[in-house]
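*Asks:* Just dropping this structure here.
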2 protein chains.
Amino acid sequence: MSTASAATQFLNAGGTRFAYRRSGTPAGTPLVFLQHFMGNLDNFDPAITAALATGREVILFDNVGVGQSTGDAPDSVDGIATGAATFIGALGLGAVDILGHSMGGEVAQLLALDHPALVRRLVLVGTGPRGGDAIARQAPGVGPLFGKRDELGQNMWLPIMFAPSERSQAAGRAFVARITARTEDRDTPVSAATIAAHRAAARAWASAPADDFSYLSRIPQPALVVNGSDDIVIPTINSYHLYQHLPDAELMLLPDSGHGAHFQYVNRFVRRVTDFLDVQPGEET
Amino acid sequence: MSTASAATQFLNAGGTRFAYRRSGTPAGTPLVFLQHFMGNLDNFDPAITAALATGREVILFDNVGVGQSTGDAPDSVDGIATGAATFIGALGLGAVDILGHSMGGEVAQLLALDHPALVRRLVLVGTGPRGGDAIARQAPGVGPLFGKRDELGQNMWLPIMFAPSERSQAAGRAFVARITARTEDRDTPVSAATIAAHRAAARAWASAPADDFSYLSRIPQPALVVNGSDDIVIPTINSYHLYQHLPDAELMLLPDSGHGAHFQYVNRFVRRVTDFLDVQPGEET
């Protein structure tokens, strides 16, 4: 069963009923995705999840208070990471690989830091360090974009995730078509209460004291850091900072693209992530 | 015949007798390497050239005044690029792919800018833009490293090309073993006059007016920019600047490594370069 059509399942852990979808080939280390602000199960790009699921199990879930998962969404990245640890621990799969996008990439950092036994390798996309560079000083037009919800999400996601060029915007329209193609068993939109809590979490992360990236030195897991050239949500230079302060990180930055560069360069991204996740000892050099 | 054992050949063009080595599979676009400061034909890593030569022709050459090539080495990057254009034009292969390292990456930029018909795609390793960030303010210990020539080059290349960690230094020792393994038909060391001319070229490039990276916007060729995390020769941030100012560039920065990161991560580098050079239209996204 492909990821795009995987049925939504439920798992009870730590007082939360977690909604999740699981698909792919049970081989190697499973890959768990951590979602961005305002995203639910339907916002994971099925082109990416399906391609990566050919070589491993791919697990998508709604964190506490998101979509069909119960509970009150925490208002700190730390709290959201605790929810992710609860879900991943309850899967009983041991250490998994993590692909976190945007706020999901912030969650991924704390998950790896505070729950090292649960995390083998990290893919951090369109994200940045706590107290990162200019995250708190977003251009004035960016915040309001997250209020532009329309039926397809096109008015939000095209300017948020893609660069202004026609090439990038065309990729954005193809992306929106992919995430809206599923008609059965769609997830529940993220509630206003969860949006408010997660917005507070993102703000606290962004406005933490700057230049204290030392916590990153305590995340030894190999990491692949990915972004576009013109990320307006978490400015691209933050991916460089993550790379410079994580002990074992590789940086992949893509041309003429934004916060959702991986949605634009699906093939390139999937090939590099596959190479990174499937690397054998000795091939690492 | 593998690149490591390819015989040195000669080609006369523009008044210079160019020494070069050619190997690999005549398929697709040939790949021409541009060498770093003080390097000759023997300083190209045979592990990299042999791996890339399995899918294309690989051409290594001594530019004007280097090794066994005749002539007076120019004292500007522009002049060195003219020499490269003369050689590549004389090959009569049409547009080629270019892999330039360090000063060779500077040469590659001007070659692509001023001779666009000769260049299809660019791989720019351990290099930076003209007037780049802190290239002219190298740490005081770096310059003298280039005077530490010993028989194997170990005293020079280990601190120049690799990071201080034991892991990186071990990779450096393996690299030095590779470039010194060839015993027959070795190239002539770079002369003192050529070193002086190229040093002047590198200094002029580094001390050009800063923050004038606009020339990069006129290099439309797709580029893959690669470096290590701790380049002490052309500080790593310059790779980020190249990426940000070239219209169609991807950035790949590798962990715990220096100016010669590709010598440390041969397999990872070769896989990514192969993917970049062999990309088919439609797979680019």
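*Asks:* Tabulate in residue order the Karplus-calculated ³J(HN,Hα) for region A:181-188, using 6.51 cos²θ - 1.76 cosθ + 1.60 with θ = phi - 60°, rounded to whole Hz; enter x for Gly and Pro.
*Replies:* Residue by residue, region A:181-188 yields 6, 5, 10, 8, 6, 6, 7, 7 Hz.
*Asks:* In addition: Run the quick spin-label model on B:A139 and B:R173: label points 7 Å from Cα toward the beta carbon, then report their separation in nm to one decimal.
*Replies:* 2.2
*Asks:* Okay, moving on. Between A:A27 and B:Q9, how high is the FRET efficiency from 1/(1 + (r/R0)^6) when r is the Cβ-Cβ distance and R₀ = 51 Å? Nearest 0.05. Before the final figure, lay out the partial values.
*Replies:* Working: r = 48 Å, r/R0 = 0.95.
About 0.60, to the nearest 0.05.
*Asks:* Hey, got the average number of other protein chain Cβ atoms within 10 angstrom for residues in B:244-256?
*Replies:* 6
*Asks:* Distances from A:A177 to the same residue in each other copy, label points 7 Å out along Cα→Cβ, in nm, shortest first?
*Replies:* Reported distances to equivalent positions: 5.4 nm.
*Asks:* Computed on alpha carbon atoms, what radius of gyration and Dmax characterise chain B, expressed in Å?
*Replies:* In order Rg, Dmax, the Cα atoms of chain B give 17.1, 49 Å.
*Asks:* Here's something else I'd like to know. Starting from the amide H of A:A13, placed 1.01 Å from N in the peptide plane, find each other amide H under 5 Å away whose residue is 5 or more places distant or on another chain.
*Replies:* It is A:F18, by chain and number.
*Asks:* Between the label point of B:A193 and that of the same position in each other copy, find the distances and list them shortest first in nm, with every label point placed 7 Å from Cα along the Cα-to-C-beta direction.
*Replies:* Sorted ascending, the copy-to-copy spacings read 8.3 nm.
*Asks:* To continue, here is another question. Can you compute the modelled spin-label distance between B:D185 and B:R149, with each label point 7 Å from Cα toward Cβ, in nm?
*Replies:* Result for the modelled spin labels: 2.4 nm.
*Asks:* Taking a point 7 Å out from Cα toward Cβ as the label site, list the nm distances between B:F10 and the same residue in every other copy, smallest first.
*Replies:* 8.3
*Asks:* Same structure, new question: Would you calculate the volume per residue, in Å³, of the smallest convex hull containing every Cα atom of region B:1-101?
*Replies:* For region B:1-101, the hull spanned by Cα atoms encloses 88 Å³ per residue.
*Asks:* Less than 12 Å Cβ to Cβ from A:L253, Lys/Arg counted +1 and Asp/Glu -1: what total charge do the surrounding residues give?
*Replies:* Residues near A:L253 contribute -3 overall.
*Asks:* Shifting gears a bit: Once the other residues with Cβ under 15 Å from the Cβ of A:A196 are scored (Lys, Arg +1; Asp, Glu -1), what is the net sum?
*Replies:* Working: positive: A:R149, A:R199, A:R203; negative: A:D72, A:D75.
Summing Lys/Arg as +1 and Asp/Glu as -1 gives +1.
*Asks:* Moving to a separate point now. Please work out how much accessible surface B:D256 shows to a 1.4 Å probe, ignoring ligands, DNA and RNA, in Å² rounded to 10.
*Replies:* Ignoring ligands and nucleic acids, B:D256 comes out at about 40 Å².
*Asks:* Using helices alone, what [θ] at 222 nm do you get for chain B, with -39,500 (n - 2.57) per DSSP H run of 4 or more residues, divided over all residues and rounded to the nearest 500?
*Replies:* Values: 10 runs with 101 residues, N = 285.
Using -39500 (n - 2.57) per qualifying helix, the result is -10500 deg cm²/dmol.
*Asks:* In Å, what is the Rg of the alpha-carbon atoms in region B:172-285, and how long is Dmax?
*Replies:* Cα only, region B:172-285: 17.1, 49 Å (Rg, Dmax).
*Asks:* Moving on. How crowded by other chains is A:167-174, given as the mean number of beta carbons from other chains within 10 Å of each beta carbon? It would help to have the intermediate numbers written out before the result.
*Replies:* Working: counts 2, 0, 0, 1, 1, 0, 0, 1.
Counting other chains' Cβ atoms within 10 Å and averaging over A:167-174 gives 1.
*Asks:* Right, something else. What is the distance in Å between the Cα centres of region B:169-228 and region A:228-285?
*Replies:* The distance from the Cα centre of region B:169-228 to that of region A:228-285 comes to 26 Å.
*Asks:* Lys and Arg at +1, Asp and Glu at -1: add these up for the other residues within a Cβ distance under 15 Å of B:G141 and post the number.
*Replies:* Numbers: positive: B:R137, B:K148; negative: B:D230, B:D231.
For residues surrounding B:G141, the net value is 0.
*Asks:* Where does the protein assembly as shown land on Rg/Rh, using Cα atoms and the Kirkwood Rh?
*Replies:* 1.00
*Asks:* Here is a further query. If you plug each phi of region A:246-261 into the Karplus form 6.51 cos²θ - 1.76 cosθ + 1.60 with θ = phi - 60°, what whole-Hz ³J(HN,Hα) values come out, in order, with x for Gly and Pro?
*Replies:* Once rounded to whole Hz, the list reads 6, x, 9, 10, 10, 10, 10, 10, 9, x, 6, 7, x, 4, x, 4.
*Asks:* Order the peptides B:6-18, B:196-208 from the highest to the lowest mean number of other Cβ atoms within 10 Å of their residues.
*Replies:* B:196-208, B:6-18
*Asks:* Let me see the P(r) profile for region B:126-236: every Cα-Cα distance counted, bins of 10 Å, each bin given as a percent of all pairs.
*Replies:* 11, 35, 36, 17, 1
The values are calculated or read from the model by the stated rules, or taken from the named source; none is laboratory data. What you are looking at is a predicted structure, and each value in this text was computed from that prediction instead of being measured. Cβ sites come from the backbone with ideal geometry, for glycine too, and all protein chains shown count toward neighbours. These accessible areas exclude ligands, DNA and RNA; they are computed on the full protein's heavy atoms, side chains included. Shrake-Rupley method; radii C 1.70, N 1.55, O 1.52, S 1.80 Å.
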